[in-house]
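Below is one structure, written out as structure tokens; the observations come after it.
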Amino acid sequence: VPELTAWLQCNYGRFDGASLVNLGPSGWGLKSTQDIEPGQRLIKLPAACHLTYGANDDPRLLSLVDKVPTELWGAKLALQLVFHRLRGSDSKFATYISNLPRGVPGVPMFFSKRALDLIDYPPVTQQVQKRCRWLLSFSQQVLAKLPGTPEDPYGGVMVDINALGWALACVSSRAFRTRGPSHPAAMLPLIDMANHSFTPNVEVLPMECGAVGLFAKTKVSAGELLHLSYGKLSNDFLFMDYGFVVPDNPYDAVQLKFDVGLLQAGALVANVLDASGAPLELSLTPWRLALLTELRLAGPRADTELNLGGGGESGSSSMVDPRLLAAARIMVARQEGEVVGRGAERLCAMDRPLSKENETAALRIIAGVVAVALSNFRTTLDQDLSLLAGEVPTPLAEGAGVAADAMVPLTCEDEVLAVRFRSEKKKILSRTLQQVAAMTAALSSEEVRQTMGLATAKKGSKPLPATNKGFGKK
């Protein structure tokens, strides 16, 4: 797209040492045309080339932007993108907008019902449905009423859900928040062609007079593709906003919604017994409730979202949410004195079990909880891998309860991406089960005193059988 680079240069920008490259099905990208040293600038984008919004824009547009919830920051900028798109050649961003994709492949907001069903992970499907409901509501209740009124910034043109949805997808997959979360996002032409990596070789940095530049972060060889980091994001965000997933993403996690019933289900699955040999019944006594409230897993300030995996952000090697471990320790404690007075930090510490008996029961319950989460999926990881290989998987056993549509061959890239996404979640759960099994095995082979740490984890056993409860909401 040489007209795009010409547009940049006409607006006093610079495009040196890099070129656009067509990557086929994955779209466009950037590559280096020469050897680049760290700190060297490849693109300079003046402030006038940032597609954003601010105090100098049409007050009618800014009034419309204010009606969008703060958390939908992408939708605010999408209204400005629609505004410039409708201006056609009169917009200073006409060249840039004409080179935006007509569709945004891989973004779940545009999936068919079957592709959306194949995601099979409520925290994401609920977010997709929430975005779609907002698009429908805003387009019908706000945008549809604008034509012919003094509040209309769009010149009488009806902006429907398709136009707004296209703009939102473009913004979500391309916009940068270079000035921080309290300021409007901006679309950065040409810079937004750089693809993602958790080990980037380029970065976006501020320059004089509000300009930004794309600079080499490491030494780059001629012909090497240029990669930015979009952030330390889970596959949930990469999938919903950008339309791709990263295999074995170190920042990915599986979300759970805590309640005592989930721990009870885990205890039943793992066959945890009480002192009399009967199935363990977890009772929410006042002292247990007080401790769960201290952990913010109960009470008016509760935050009941827990995560398995995602250790990349904190550097932790444990895949178990510390608050989940603390809650299990509290609920299996036989007497108040075992846990009261320990403090939240002590109860959450992975390497400070309360006792061998308590830790064994707590870890077995967590293994059961993970198995419950795995059982929420309609297919197994092996069945997913068969689907991705173009095969039709077979049920694990005769009469196994798997929905018929989950076993039909995949027919498009959106369906393939959905199965890739859910298979990554199952990998996280499988690795968590292995880690918990290793921690439990370590308890069996090492003496555990009340104040000593756990022994080094050993390789674990096969996952436990699952039941039918699980995920939380995002």
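Only helices reaching 20 angstrom along their own axis (Cα) with mean Kyte-Doolittle hydropathy no lower than -0.5 count here, and for the DSSP H runs of the chain these are 73-87, 356-375, 413-445. Were the residues from R301 through V157 laid out at 0.36 nm apart, the gain over their Cα-Cα distance would be 47.3 nm. Which whole-number percent gives the relative contact order of the chain, counting Cα pairs below 8 Å spaced six or more residues apart? Answer for the chain is 17 percent. Spin-label model, D16 to Q141: label points 7 Å out along the Cα-to-beta-carbon direction sit 5.2 nm apart.
Using just its DSSP H runs of length 4 or more, each adding -39500 (n - 2.57), the chain gives a mean residue ellipticity at 222 nm of -11500 deg cm²/dmol after division by all residues.
How much net charge surrounds M207 when only other residues with a Cβ under 10 Å from its Cβ are counted (Lys, Arg +1; Asp, Glu -1)?
+1
Peptides 182-195, 94-107 ranked from most to least packed by the mean count of surrounding Cβ atoms within 10 Å: 182-195, 94-107.
With each label modelled as a point 7 angstrom along the Cα→C-beta vector, the S355-L273 pair spans 1.8 nm. Take the Cα of K219, go 7 Å toward its beta carbon, and the backbone nitrogen atoms of region 13-42 under 13 Å from that spot belong to 35-39. DSSP beta bridges fully contained in the chain are about 95 percent antiparallel.
Given in Å, the Rg to one decimal and the Dmax to the nearest whole number for the Cα atoms of the chain are 26.0, 82. The value of relative contact order for region 8-86, using C-alpha pairs under 8 Å at least six residues apart, is 24 percent. Only the Cβ atoms of Lys and Arg (+1) and of Asp and Glu (-1) were treated as charged; on that basis the dipole of the chain about its Cα centre amounts to roughly 420 debye.
What separates the Cα centres of region 168-187 and region 51-84 is a distance of 11 Å.
Over region 132-251, calculate the relative contact order: mean separation of alpha carbon pairs under 8 Å at least 6 apart, over the residue count, as a percent.
So the answer I get is 17 percent.
Protection proxy ranking for 206-218, 78-90, using the average of other Cβ atoms within 10 Å per residue and placing the highest first: 78-90, 206-218.
Laboratory data are not the source of any read-out in this text; all were calculated from the coordinates shown. Bear in mind that the values here come from a model prediction, so they are computed numbers and not experimental data. Because the Cβ atoms are built from the backbone with ideal geometry, glycine has one as well, and the counts that use them run over all protein chains shown.
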